[in-house]
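Asker: Got a structure here, written out as structure tokens. Questions coming.
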Amino acid sequence: MIYNDEYFMDIALKEAHKAYKLKEVPVGCCIVKNNKIISKAYNCKYITNKALNHAEIRAINKASNRLHTTVFDDCDIYITLEPCVMCAGLIMQSRFKRVIYATNEPKFGALGSIINLNNPEYKFNHHLEVLNGIKKEESSDLLKKFFKEIRVKNNK
């Protein structure tokens, strides 16, 4: 069966819901090669006290272990939130073919919101195909719900 971007973003959203249940910022990620899921992960940096435990980094590490490589030029990465500078840099260094993210990150986004590391003017030797907006509403709603609950909890 051939799956589409919406299907794989749904998988990333399921990962984001796992983070949400753990009271983590609900971001999920899914890596796909030849229409098959290679790895998936969710944010868990607060419960592990490890700043590197972003969904993208965890998923890339799992994919590296599974495929025994650090180059993913035939893979797509699906993320429920626009990557930060650290994650966007890793995605570029890992040579992903495409990055597909659901919603923009207006405070830390590094593929267009705050900065665009994929801008050809930067003259990196690899550029990504970037697509955003797939399942935007679902991802945005989950993030808004999470941060609203945090604000209510902190105001008690």
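The values are calculated or read from the model by the stated rules, or taken from the named source; none is laboratory data. Since this is a predicted model, take the numbers as computed values, not measurements. Note that we place each Cβ from the backbone using ideal geometry, even for glycine, and neighbour counts take in every protein chain shown. Surface accessibility is based on the protein's heavy atoms, side chains included, excluding ligands, DNA and RNA. Shrake-Rupley method; radii C 1.70, N 1.55, O 1.52, S 1.80 Å.
Asker: Considering the range 106-149 alone, what residues qualify as being farther than 20 Å from Leu13 by Cα and not in a loop (DSSP other than H, G, I, E, B)?
Answerer: Asn116, Pro120, Glu121, Tyr122, Glu129 - these are the residues of the range 106-149 that are farther than 20 Å from Leu13 by Cα and not in a loop (DSSP other than H, G, I, E, B).
Asker: Just to verify a result, which residue in the range 132-152, among those that are of a type in the set (Val, Ile, Thr) and loosely packed, with under 14 Cβ neighbours inside 10 Å, is farthest from the chain's Cα centre (by Cα)?
Answerer: My answer is Val152.
Asker: Where residues in the range 48-74 are part of a helix (DSSP H, G or I) and polar (S, T, N, Q), which of them is farthest from Phe108 (Cα to Cα)?
Answerer: Among them, the one singled out is Asn65.
Asker: Next question, about the same structure. I want to confirm something. Restricting to the range 37-65 and keeping residues that are of a type in the set (Lys, Arg) and closer than 22 Å to Ser139 by Cα, which single residue is most open to solvent (accessible area, probe 1.4 Å)?
Answerer: Lys40
Asker: Based on this model, can you work out whether Lys156 counts as among the charged types (D, E, K, R), on the phi < 0 side of the Ramachandran plot, in a loop (DSSP other than H, G, I, E, B) and modelled with pLDDT under 95?
Answerer: Judged against the criteria, Lys156 is a match.
Asker: So which residues in the range 37-59 are of a type in the set (D, E, K, R) and touching a strand residue (DSSP E or B) at 6+ places or on another chain (Cβ under 9 Å), if there are any at all?
Answerer: Lys40, Glu56, Arg58
Asker: Within the range 14-22, identify whether any single residue is at negative phi, among the small types (Gly, Ala, Ser) and touching a residue at least 60 places away in the same chain (Cβ under 8 Å), and answer yes or no.
Answerer: yes
Asker: Scanning for something farther than 20 Å from Glu137 by Cβ and at pLDDT 95 or above, does the range 101-111 turn up at least one residue?
Answerer: Yes: one or more hits.
Asker: Give all pairs with beta carbons closer than 9 Å in which a residue from the range 45-67 that is closer than 19 Å to Lys97 by Cβ and among the charged types (D, E, K, R) meets a residue that is open to solvent by less than 90 Å² (accessible area, probe 1.4 Å) and in a helix (DSSP H, G or I); count only pairs at least 6 apart in sequence or on separate chains.
Answerer: Glu56/Met86; Glu56/Cys87; Glu56/Ala88; Glu56/Leu90; Glu56/Ile91
Asker: Here is a list of conditions, (1) closer than 13 Å to Ser139 by Cβ; (2) assigned to a helix (DSSP H, G or I); (3) of a type in the set (A, V, I, L, M, F, W, C); (4) open to solvent by 20 Å² or more (accessible area, probe 1.4 Å), and Ala19 meets all of them except one; can you say which number that is?
Answerer: The one condition Ala19 does not meet is (4).
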